[in-house]
């Protein structure tokens, strides 16, 4: 993998979404150890290889300094064919999201880097190993059957869904921070750096002591 920039929900929305993420069935001991790891909900904006120690700073510098919070609206539930896109929510491809990613990509390419972000924009709900791929459809159906994923109105080609997170109904989330994450090794060992870009009218960088990348 490498090092990534994640657009993440506001703290209260983060906690609500975490509460409904599919969990590993406790009675299924035949599942791969890599299926259903825990991870924060997010939209990956860019990933680059960790080729030298300076890469994290380059990624952070690629974020526009005047970036405002971005709304991410949920569009549809998708069952994918890749571990990191096993069951995910397709997010509406708005001008604000596309423009943010484009600016990051342009800034990284100026530094000789070619960032990736397959199926942008999306928010994964779970990662399921290929040997357990039959669980992907089951998990998606369970989310619908239990009323966690609720279909909304369809206008033309535009679909919408929402997440029922306990007593809170989420049509999407407000992206208020961009996290720098080292995505190496097992998912649950990924490191979230303490330098986080706060998306606000008075954007600033958190300068607390950071985890080693």
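Considering only the range 105-119, how many residues are surrounded by 17 or more Cβ atoms within 10 Å (Cβ to Cβ) and either touching a helix residue (DSSP H, G or I) at 6+ places or on another chain (Cβ under 8 Å) or over 17 Å from residue 6 (Cα atoms) (or both)? Selection size over the range 105-119: 5. Scan the range 74-89 for residues that are under 20 Å from residue 169 (Cβ atoms) and surrounded by fewer than 19 Cβ atoms within 10 Å (Cβ to Cβ) and jot them down. Answer for the range 74-89, where residues must be under 20 Å from residue 169 (Cβ atoms) and surrounded by fewer than 19 Cβ atoms within 10 Å (Cβ to Cβ): just 76.
With respect to the stated conditions, residue 177 fails to be surrounded by fewer than 16 Cβ atoms within 10 Å (Cβ to Cβ) and in a strand (DSSP E or B). Scanning the range 65-98 for residues that are free of Cβ contacts under 8 Å to residues at least 40 places away in the same chain and either in a loop (DSSP other than H, G, I, E, B) or touching a helix residue (DSSP H, G or I) at 6+ places or on another chain (Cβ under 6 Å) (or both) returns 93, 94.
Inspection of the range 20-28 finds no residue satisfying the criterion of being surrounded by 13 or more Cβ atoms within 10 Å (Cβ to Cβ), over 22 Å from residue 162 (Cα atoms), at pLDDT below 95 and touching a strand residue (DSSP E or B) at 6+ places or on another chain (Cβ under 6 Å).
The values are calculated or read from the model by the stated rules, or taken from the named source; none is laboratory data. What you are looking at is a predicted structure, and each value in this text was computed from that prediction instead of being measured. Heads up, the Cβs are rebuilt from the backbone with ideal geometry, glycines too, and the neighbour counts pull from every protein chain shown.
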